[in-house]
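Report on the following structure.
Computed from the coordinates by the stated procedures, all read-outs in this text should not be read as laboratory data. These numbers were taken from a predicted model, which means no experiment stands behind them. Quick reminder, even Gly has a Cβ in these numbers, built from the backbone with ideal geometry, and neighbours come from all protein chains shown.
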Amino acid sequence: MPGAWQPLKNKPNVNIDATLLLTDGAVLCHEYLTSNWFRLAPDDRSDYANGTWTPLSPMPNNAPVSQNGPANAPLYFASAVLRDGTVFCAGGEDNGVYNGVDLLAAEIYDPTDDTWTPIATPPKWTNIGDGASCVLPDGRLLLGCANTNFDANATAIWDPESGRWSAGGDGLDSDSEEGWTLLPDGTVLAVQCSSIPDAQKYVIATNSWVSAGVIPVTLPQAPGAGFVPEMGPQILLPDGRVFAIGATGHTGLYTPPRRRRPILGPGPPALISPSIRTAISKPRSTRRPACCPMATSCAAWGRSPSRAAMPASPRRQSSTNLTRSAEP
């Protein structure tokens, strides 16, 4: 039975390029190629169509001068809502104008007091760009990088509790343009855009990437000179499978392996800090939500670099099952 779309009665009057669903149900919205952000709050009936817009504090001036800084006005960047309700942002394919600088900058936004705080970037990194990101089950954040970084296969892990970076496992190829989806078993799935038609997964317990099999159809666009192929989003389905939308007219379904006994990696519940344990009970948030909780309608805009998250205990991997879905 088909649903229905309806326009927002109140328009933002700006071009929106990225959205994040906050833990209080409001939607955080970034204005295209600027440092500006806005907040869309639903009405008292949780209806976003009748919601109100509020301008927020702009991003900090923490961009390198060599990358059109110090103003930080990114386009196509990593972002995620963390367990404590704050927002992580990093990078940007462009900064202020179409310049392909693959911005090296990172910051945290606190929606409770509308403030931005610059944070350090991963040690030795030269570029983040439109790197992928994913909040892990223990509350840390896994970050990828642009193919212009000093190590195009590098990943890094941000610990919001300690405020420090640590090295993540190198991907099987450049993780530029990839989308990362957290699976119910605690691993992170990626369709490889630089190694078509392969897929890979990040295993927290070993801090390493492993093969997730060969995709039976081509999902990323055809490679070309001067750019990395791109594709559409990967959506975690309620049954634990992932629906991947290609840039070629094809789609695919990934079915993760099933194990009877999970093997825990780092960060079991007893070792998670009290603040993270408290935050676990809060509503989950994603950077590209498939639906809005406690709402009668859902708002959608253009491209938003994100992936769904469903925290659970990590397990070891042993097999994969990739199938071709029916074409639209």
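Some observations on this one:
- Per-residue extension of 0.36 nm, minus the Cα-Cα distance of Ser66 and Ala120, leaves a gain of 17.7 nm for this segment.
- Projected-area average for region 67-153 over all orientations - Cα convex hull basis, square nanometres: 5.7 nm²
- Partner aspartates and glutamates for Lys124 [C-alpha distance under 13 Å; skip if fewer than 8 residues away on the same chain]: Asp151
- Cα gyration tensor, region 28-186 - rounded (a/c under 1.5), prolate or oblate: oblate
- Förster-model FRET efficiency, 35 Å R0, Ala222 and Ala49, C-beta, rounded to 0.05: 0.35
- Cross-link partners of Lys11 among aspartates and glutamates (Cα-Cα below 20 Å; sequence separation of 8 or more within a chain): Glu31, Asp43, Asp44, Asp47
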